[in-house]
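**Q** I'd like to ask you about the structure that follows.
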Amino acid sequence: MNNSKSVKQPALQTTLVHLDQSSGFSDKVASMPAAGNHTAVDHSVLFAYERTSDLEQVFQGKAVGHVYSRSSSPTISALESALTRLEHAASACVFATGMAAIQSLCFALLKQGDHIVVSEFLFGNTRSFFQTLAGFGVNVSYVDVTNASLVNDAFCSNTRMVFCETIANPVTQVADIQHIGKHCRERGILFVVDATMTPQPVFKAAKYPIDMLMVSLTKYVGGHGNALGGALIDFETFDFSRYPNIAQAFRTKPAYAQGMVQVRKKGLRDCGGTLSPDAAARIFSGVETLALRVERQCETAFALVKYLQQRPEVDKVFYPGCTEHPQHALATSLFNQGFGAIFSIELAPSYDYRVWLDALKLILVSTHLGDTRTLGLPVASTIFYENGEDQRAAMGITDGLIRFSVGLESANDLIDDLASAFDQLEKN
Ligand SMILES: *Cc1c(COP(=O)(O)O)cnc(C)c1O
């Protein structure tokens, strides 16, 4: 099928819906599949128009349509609509990876001299990005986000954004989302939450004072370890008319939509971290089974935690579902149907975690999380190796800490696997 033909099909004709209050592609976009159909994967880079004036309207933002797939295309828009509905949000923009989403957000909305407050317990790569951003003249404060008043204390007159994760990994600190959000609303500061670790139905972001969600689609949403992707999801709760960094060209958009318009334009268009249509289609399949998988994964994670807690070889277990977890009450108030499917443990010092991990047969020793398969990883020597000893200590990461991401295997099979690895450990 050649491009000039594909664009004359109904899908694109009906995408020429006039923009009213919406900032981007809404449910009106005809690229949503009819009930029962799977989303077509449209690889076209260009989109031709029969009438020149239609193309001009789209370029000028006066009509919705696709012109060049770095900025938008039908499969991508379909995924964005699905994510918007999943989160009861106003709009979504997807990216090649979670990191591309974070980068696009920050490059689009921050300027040299701005100040941001971020969690001190960030995903390692996100922390690394904020260090890069500091090199461009953005001032970054790292704060303990389990305590909302520490976040409030860190605010300055030029604070533009707060960024934290719902549950941090590997130590599973839980951010006080409700109160941080309240402080942000009082001060007119954009509040962005990385909810990768707590997908629907665990965390219902729309119920909290959050302005934008960031999600690595690579993890639970895609869920099968076969596609990278990221998303920014906007609730249109932040009034950008008072935000200094919006370009004049986007001031014509509704005040609450200007941020996401600029993320799309300056982030996606200028930075080019576009999700591929193939990856979007795979992630789309993941959306359909997300709730089932996540409920099962949370349940199995708790079963493994309970098993490990009573093993004499295990010194510590970090999981927000445990009553002794420092933010257990907070986690109970924020999350539904479970406490996520990530937990970490420390073996007693006399045991060699490498011997134990090597003896696992069903559980894979691998980085990544949110997969169908259960994964175990020593974190200090791998994903947090580059951070160095001092930073690891500040984040609560000890040398023997092992992170588990629980998959879809049966809990009994997983417990058997852990048990036989413990038998190996005793023999050593
Ligand atoms: C994986 C991850 C990211 C980055 O996502 P990628 O899709 O791997 O780029 C960001 N935040 C959290 C919490 C993650 O787990």
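The values are calculated or read from the model by the stated rules, or taken from the named source; none is laboratory data. None of the values given here were measured: they were computed from a predicted structure. Here the Cβ positions follow ideal geometry from the backbone for every residue, glycine too, while neighbour counts run over all protein chains shown. Each accessible area value is taken on the protein alone, full model and side chains, heavy atoms only, with ligands, DNA and RNA left out. Shrake-Rupley method; radii C 1.70, N 1.55, O 1.52, S 1.80 Å.
**Q** Sort Leu290, Leu150 by accessible area with a 1.4 Å probe, largest first.
**A** Leu150, Leu290
**Q** Now for a separate question. So how do Glu186, Glu165 rank on accessible area, 1.4 Å probe, biggest first, that is with the largest at the start?
**A** My answer, sorted largest first, is Glu186, Glu165.
**Q** Can you compute the FRET efficiency between Arg251 and Glu386 using 1/(1 + (r/R0)^6), with r the Cβ-Cβ distance and R0 = 45 Å? Round to the nearest 0.05.
**A** Computed FRET efficiency for Arg251 and Glu386: 0.65.
**Q** Can you work out the Karplus-derived ³J(HN,Hα) for every residue in the range 352-367? Use 6.51 cos²θ - 1.76 cosθ + 1.60 with θ = phi - 60°, whole Hz, and x for glycine or proline.
**A** 8, 5, 5, 4, 5, 5, 5, 7, 6, 10, 7, 6, 8, 8, 6, 7
**Q** Hey, what's the range 235-287 come to in accessible area per residue, 1.4 Å probe, Å²?
**A** That works out to 41 Å² for each residue.
**Q** Another one. For a quick protection proxy, order the peptides 245-253, 257-265 by their average other-Cβ count within 10 Å, most packed first.
**A** 257-265, 245-253
**Q** Now for a different question. Just to confirm, what accessible area per residue do you get for the range 107-175 at 1.4 Å probe, in whole Å²?
**A** 33
**Q** Which value in Å does the Kirkwood hydrodynamic radius of the range 200-301 take, with 1/r averaged over all unlike C-alpha pairs and then inverted?
**A** By the Kirkwood definition, the hydrodynamic radius is 15.5 Å.
**Q** Okay, moving on. Could you sort Phe318, Phe422 by accessible area so the largest value comes first, with the probe set to 1.4 Å?
**A** Phe318, Phe422
**Q** Within the chain, which whole H helices from DSSP have a Cα span along their axis of at least 30 Å and a mean Kyte-Doolittle hydropathy of 0.0 or more, if any?
**A** In the chain, the long hydrophobic H runs are 277-309.
**Q** Continuing with the same structure: Using 24 Å as the Cα-Cα cut-off, could you pick out the over-long pairs in Lys111/Lys253; Lys182/Lys204; Lys111/Lys266; Lys62/Lys204; Lys207/Lys266?
**A** The pairs that break the limit, which is 24 Å between Cα atoms, are Lys62/Lys204; Lys207/Lys266.
**Q** Same structure again: So how strong a dipole does the chain carry about its Cα centre when Lys and Arg Cβ are +1 and Asp and Glu Cβ are -1, to the nearest 20 debye?
**A** 1500
**Q** From the square roots a ≥ b ≥ c of the eigenvalues of the alpha-carbon gyration tensor of the range 85-217, which class results: rounded (a/c under 1.5), prolate (a/b over b/c), or oblate?
**A** rounded
**Q** Translational diffusion coefficient of the range 360-428 at 25 °C, 0.890 mPa s, Stokes-Einstein with Kirkwood Rh over Cα pairs, in µm²/s as a whole number.
**A** 185
**Q** Would you please put 41-48, 373-380, 188-195 in order of how densely packed they are, using the mean number of other Cβ atoms within 10 angstrom per residue and starting with the highest?
**A** 188-195, 373-380, 41-48
**Q** Figure the gain on full extension for Arg85 and Val365 (residue separation times 0.36 nm, minus the Cα-Cα span) and round it to one decimal in nm.
**A** This chain segment gains 97.3 nm when fully extended.
**Q** Give me the tail of P(r) for the range 256-368 as a percent: Cα-Cα pairs with distance above 26 Å.
**A** So the portion of pairs separated by more than 26 Å is 47 percent.
**Q** OK, next. Can you show me the helix-derived [θ] at 222 nm for the chain, built from DSSP H runs with n ≥ 4 at -39,500 (n - 2.57) apiece and divided by the number of residues, rounded to the nearest 500.
**A** Roughly -10000 deg cm²/dmol at 222 nm, from the helical runs in the chain.
**Q** Just the number please: accessible area per residue for the range 344-428, 1.4 Å probe, all protein chains included, in Å².
**A** For the range 344-428, the solvent-accessible area averages 47 Å² per residue.
**Q** With a 1.4 Å probe and every protein chain kept in, tell me what percent of the accessible surface of the chain is carbon plus sulfur.
**A** 51
**Q** To continue, here is another question. If the viscosity is 0.890 mPa s and the temperature 25 °C, what translational diffusion coefficient in µm²/s does Stokes-Einstein give for the chain when Rh comes from Kirkwood over Cα pairs?
**A** Roughly 109 µm²/s, to the nearest whole number.
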